[in-house]
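Enquirer: Just dropping this structure here.
The values are calculated or read from the model by the stated rules, or taken from the named source; none is laboratory data. Only a predicted model underlies this, so the values are computations on that prediction, with no experimental measurement involved. Here the Cβ positions follow ideal geometry from the backbone for every residue, glycine too, while neighbour counts run over all protein chains shown.
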């Protein structure tokens with residue numbers, strides 16, 4: 001049904017999409033008839049840009065994310081910044097000539113992370129240059145230098161990774177790609193590894209509740225991945241990677257313009273690890289054996305009538321094996337093994353209409369996915385199939401001026417789960433249609449108030465409402481305050497989202513009457529920019545409180561051999577405070593430092609307790625140095641984590657301690673850049689810190705105490721890696 005819906009959607013008549021191309025001309029202010037050739041035009045804080053031609057004309061794709069200003073600059077002229085309100089109207093930019101100087105060298109190193117002071121919602125944009133500061137083989141490794149998101153292993157066997165934001169699990173973060181669903185349901189445990197780093201153009205990270213336009217699920221934040229687009233990316237990009245464990249990866253992006261109206265792009269990713277590694281000698285593989293093939297083809301079409309379309313499809317095939325050494329080479333030996341086979345197919349598209357009235361448009365987003373996981377955890381079989389369909393229709397307009405803007409529309413989210421655990425079937429069908437409206441008051445970009453509300457009806461949970469309010473106020477030229485409050489909801493899928501827990505002997509108990517999860521999130525933040533010497537320091541501080549009205553609790557305290565998913569009976573909340581500073585100390589040398597406190601409490605068995613396996617205090621220090629023209633780049637990142645609480649141990653066996661100790665992780669990378677080539681080498685977890693015995697009762701995997709999920713830190717030691725990048729850009 002979802003594939004048919006997508007096909008019908010993609011054959012709709014061509015129309016102008018909300019993110020159509022911006023056109024304009026750059027001229028001298030003193031002489032309006034003189035065009036400026038070679039002027040730089042780019043979206044502030046991004047890598048999206050172009051240059052004016054010999055007639056001063058330019059064309060640039062509209063930015064699909066936040067409302068960023070367009071920056072126009074040229075040597076000898078004062079730069080200008082404009083906000084684009086109507087993509088249909090060509091821009092006429094007049095640059096004013098500056099006073100003649102004897103000799104001026106103007107240079108700027110584009111920041112890897114951009115903290116927007118213009119977006120109403122607190123947002124950090126991670127650019128391609130930031131992703132290149134680490135190996136960034138996939139989405140899970142793209143947050144190594146980011147203070148807002150924590151990434152760790154879910155267990156010590158399968159290699160699954162999970163994220164945390166505001167001290168809570170990544171299931172409370174709405175993870176989307178180009179504002180459409182990306183990681184949810186069965187894809188949650190391993191989905192971070194399905195998004196290759198070289199495919200990504202940027203990542204937008206927002207804390208707290210997001211816009212109601214994107215749905216009702218964001219509780220602690222939103223992560224939006226923007227993929228590279230065929231019309232404005234490099235012609236060819238190769239990225240080859242290998243590490244000391246003999247894991248290898250190959251990535252290739254190829255963009256091709258059929259003509260001025262049609263462009264396409266093929267993105268390929270392949271990875272393989274066949275070498276068995278067991279550094280700690282517990283007979284279990286430190287890293288799973290993996291084979292993944294990932295392919296993405298996307299199209300950009302500009303019809304003759306000036307419209308704009310884009311659509312694409314993805315195919316993923318992954319096979320990973322874990323457990324004891326030679327478990328699958330010698331099946332007769334009765335060794336413990338984990339075998340996971342995943343096939344995933346996705347299709348997505350965008351289309352829209354822009355009307356003659358300035359600032360009005362109609363946008364359509366649609367996507368569908370099929371996810372199939374066949375798995376064996378020791379003697380436990382788990383097979384899961386999930387279908388997902390999504391459609392979002394957005395109308396944007398204003399009340400006669402840019403002072404009052406609004407968005408309204410309707411959406412539908414459909415999920416079908418068909419799961420089998422040891423022959424027992426679990427099925428769930430949920431269709432959630434909804435309508436939304438959002439009003440944005442914009443007082444000359446000095447004061448923004450954005451208020452929205454959704455009404456959705458779930459075939460499982462019934463009718464519910466999602467109100468949200470965001471505000472931004474420029475207190476001064478260098479200080480911005482933001483505040484937000486709103487609700488978020490999600491349907492819990494304990495088995496789908498936590499099937500990595502099967503890598504243990506714990507009995508999984510799921511109550512039958514699980515409620516829809518519901519939470520209120522409120523937060524405030526300050527951004528201060530202070531000129532210090534030749535450069536400007538950016539200081540940020542924020543505080544967010546998340547309180548659950550309903551929550552599905554994962555109880556691993558009540559019994560050492562059980563996991564119990566049950567409804568919250570009491571209080572559950574998270575308090576998260578973070579302070580961060582970014583400063584370029586001298587030319588080419590930048591410092592980013594952050595400190596965060598996570599106070600996460602849940603009521604378990606009638607007692608309010610700290611969330612187990614979570615560090616209360618975290619700090620990050622990242623330094624980067626690039627030589628002139630970025631020929632050499634050096635990056636060092638330190639992550640500092642306090643201790644925390646372990647789940648209650650057995651009163652008789654005492655297989656683990658009541659707490660875990662503080663630990664630090666250091667990552668380093670060196671890169672040498674040429675015109676088209678770039679060679680890089682580095683080390684993750686440089687000092688080799690790892691949990692000494694990450695697997696409980698590893699010597700008896702078939703016994704009642706075996707548990708590979710008691711993870712609070714790194715499970716493997718130092719990884720030395722190397723690689724190269726090769727890029728051809730024939731379009732510019």
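Enquirer: Among the listed residues 348, 367, 361, which satisfies the condition of being over 24 Å from the mean Cα position of the chain (by Cα) and closer than 30 Å to residue 61 by Cα?
Expert: On the way: 348 fails: over 24 Å from the mean Cα position of the chain (by Cα); 367 fails: over 24 Å from the mean Cα position of the chain (by Cα).
Answer to the selection: 361.
Enquirer: Can you name the residue in the stretch 13-33 that is assigned to a loop (DSSP other than H, G, I, E, B) and under 18 Å from residue 79 (Cβ atoms) and is also modelled with the highest pLDDT among such residues?
Expert: If we filter the stretch 13-33 for residues that are assigned to a loop (DSSP other than H, G, I, E, B), which is where we start, we get 13-20, 29-33.
Adding the requirement that they be under 18 Å from residue 79 (Cβ atoms) leaves 29-30.
Working: 29: 76, 30: 72.
Per the criteria, the residue is 29.
Enquirer: State whether the residues of the stretch 181-193 include one that is over 26 Å from residue 440 (Cα atoms), in contact (Cβ under 8 Å) with a residue 60 or more places away in the chain and over 15 Å from the mean Cα position of the chain (by Cα). Let's see the steps before the verdict.
Expert: If we filter the stretch 181-193 for residues that are over 26 Å from residue 440 (Cα atoms), which is where we start, we get 182-193.
From what is left, the residues that are in contact (Cβ under 8 Å) with a residue 60 or more places away in the chain are 184-190, 193.
With over 15 Å from the mean Cα position of the chain (by Cα) added as a condition, the list becomes 185-186.
There is at least one residue in the stretch 181-193 that is over 26 Å from residue 440 (Cα atoms), in contact (Cβ under 8 Å) with a residue 60 or more places away in the chain and over 15 Å from the mean Cα position of the chain (by Cα).
Enquirer: Another question, if that's okay. Just checking: which of the strands (runs of 3 or more DSSP E) contained wholly in the stretch 305-413 hold 2 or more residues that are over 30 Å from residue 438 (Cα atoms) and in contact with a helix residue (DSSP H, G or I) (Cβ under 7 Å, 6 or more places away or on another chain)? Talk me through it step by step, then tell me what you get.
Expert: Working: elements: 309-323, 337-354, 361-377, 380-398.
Of the strands (runs of 3 or more DSSP E) lying wholly inside the stretch 305-413, those with at least 2 residues that are over 30 Å from residue 438 (Cα atoms) and in contact with a helix residue (DSSP H, G or I) (Cβ under 7 Å, 6 or more places away or on another chain) span 361-377, 380-398.
Enquirer: Which condition number in (1) over 29 Å from residue 559 (Cα atoms); (2) buried (at least 17 other Cβ atoms within 10 Å of the Cβ) is the one that residue 656 fails?
Expert: The one condition residue 656 does not meet is (1).
Enquirer: Does residue 57 satisfy the condition of being at pLDDT below 50 and more than 33 Å from the chain's Cα centre (by Cα)?
Expert: On the way: at pLDDT below 50: no; more than 33 Å from the chain's Cα centre (by Cα): yes.
In short, no.
Enquirer: Here is a follow-up. Within the stretch 550-566, can you find the residues that are without any contact (Cβ under 8 Å) to a residue 60 or more places away in the chain, closer than 15 Å to residue 600 by Cα and assigned to a strand (DSSP E or B)? Walk me through how you get there before you give the answer.
Expert: Pass one, the stretch 550-566, residues without any contact (Cβ under 8 Å) to a residue 60 or more places away in the chain: 550-551, 553, 555, 559, 562, 564, 566.
Restricting the remaining residues to those that are closer than 15 Å to residue 600 by Cα gives 551, 553, 555.
Residues satisfying the conditions are 553, 555.
Enquirer: Also, quick follow-up: If residue 559 satisfies all but one of (1) touching a strand residue (DSSP E or B) at 6+ places or on another chain (Cβ under 7 Å); (2) farther than 30 Å from residue 532 by Cα; (3) surrounded by fewer than 20 Cβ atoms within 10 Å (Cβ to Cβ), what's the number of the condition it fails?
Expert: Result: residue 559 passes all but (1).
Enquirer: I would also like to ask the following. Which members of the stretch 450-463 meet the condition of being touching a residue at least 60 places away in the same chain (Cβ under 8 Å) and farther than 15 Å from residue 218 by Cα? Can you show your working first?
Expert: At the first step, the residues of the stretch 450-463 found to be touching a residue at least 60 places away in the same chain (Cβ under 8 Å) are 450, 452-454, 456.
450, the sole residue that qualifies.
Enquirer: Run residue 395 past the list (1) under 30 Å from residue 495 (Cα atoms); (2) surrounded by 17 or more Cβ atoms within 10 Å (Cβ to Cβ) and report the number of the one that doesn't hold.
Expert: Of everything listed in (1) under 30 Å from residue 495 (Cα atoms); (2) surrounded by 17 or more Cβ atoms within 10 Å (Cβ to Cβ), residue 395 misses just condition (1).
Enquirer: Restricting the search to the stretch 290-300, which residues are over 17 Å from residue 240 (Cα atoms) and surrounded by fewer than 20 Cβ atoms within 10 Å (Cβ to Cβ)? Spell out the reasoning first.
Expert: Kept after step one, since they are over 17 Å from residue 240 (Cα atoms), are these residues of the stretch 290-300: 296-300.
Correct list: 297, 299.
Enquirer: Hey, another quick one. Within the stretch 144-167, count every residue that is assigned to a loop (DSSP other than H, G, I, E, B) and within 21 Å of residue 574 (Cα to Cα). Reasoning before the result, please.
Expert: Filtering the stretch 144-167 down to residues assigned to a loop (DSSP other than H, G, I, E, B) leaves 144-149, 154-160, 166-167.
Then drop every residue that is not within 21 Å of residue 574 (Cα to Cα), which leaves 146-149, 154, 166-167.
Going through the stretch 144-167 one residue at a time, the tally reaches 7.
Enquirer: For the stretch 567-613, give me every one of the strands (runs of 3 or more DSSP E) that falls completely inside it and has 3 or more residues that are crowded, with 21+ Cβ neighbours inside 10 Å and touching a strand residue (DSSP E or B) at 6+ places or on another chain (Cβ under 6 Å).
Expert: Working: elements: 572-586, 589-604, 607-610.
Answer list for the stretch 567-613: 572-586, 589-604.
Enquirer: Inside the stretch 168-209, can you point out the residues that are closer than 23 Å to residue 484 by Cα, touching a strand residue (DSSP E or B) at 6+ places or on another chain (Cβ under 6 Å) and in a helix (DSSP H, G or I)?
Expert: Of everything in the stretch 168-209, just one residue is closer than 23 Å to residue 484 by Cα, touching a strand residue (DSSP E or B) at 6+ places or on another chain (Cβ under 6 Å) and in a helix (DSSP H, G or I), namely 170.
Enquirer: Also, quick follow-up: Which of the residues belonging to the stretch 244-285 are surrounded by fewer than 21 Cβ atoms within 10 Å (Cβ to Cβ), part of a strand (DSSP E or B) and either touching a residue at least 24 places away in the same chain (Cβ under 8 Å) or not assigned by TED's automatic domain parsing to the domain that holds residue 194 (or both)?
Expert: First pass over the stretch 244-285, keeping only residues surrounded by fewer than 21 Cβ atoms within 10 Å (Cβ to Cβ): 244-248, 250, 252, 254, 256-262, 264, 266, 268, 270-272, 274-283.
Filter once more, keeping what is part of a strand (DSSP E or B): 248, 250, 252, 254, 256-257, 262, 264, 266, 268, 270-272.
Scanning the stretch 244-285 gives 248, 256, 257, 262, 264, 266, 268, 270, 271, 272.
Enquirer: Looking at the stretch 386-404, which of its residues are in contact (Cβ under 8 Å) with a residue 60 or more places away in the chain and within 24 Å of residue 431 (Cα to Cα)?
Expert: 386, 387, 388, 389, 390, 391, 392, 394
Enquirer: In the list 387, 457, which residue meets the criterion of being surrounded by fewer than 20 Cβ atoms within 10 Å (Cβ to Cβ), farther than 27 Å from residue 502 by Cβ and in contact with a strand residue (DSSP E or B) (Cβ under 6 Å, 6 or more places away or on another chain)? Don't jump to the end; show me each part of the working.
Expert: Details: 387 fails: farther than 27 Å from residue 502 by Cβ.
None of the other options fit; the residue is 457.
Enquirer: Let me ask something additional. Yes or no: residue 687 farther than 30 Å from residue 379 by Cα and surrounded by fewer than 16 Cβ atoms within 10 Å (Cβ to Cβ)? Before the answer, list the steps.
Expert: Working: farther than 30 Å from residue 379 by Cα: yes; surrounded by fewer than 16 Cβ atoms within 10 Å (Cβ to Cβ): yes.
Judged against the criteria, residue 687 is a match.
Enquirer: Go through 519, 471 for me and flag whichever is buried (at least 21 other Cβ atoms within 10 Å of the Cβ), in contact (Cβ under 8 Å) with a residue 40 or more places away in the chain and either assigned by TED's automatic domain parsing to the domain that holds residue 213 or farther than 23 Å from residue 375 by Cβ (or both).
Expert: Details: 471 fails: buried (at least 21 other Cβ atoms within 10 Å of the Cβ).
Unique residue meeting the criteria: 519.
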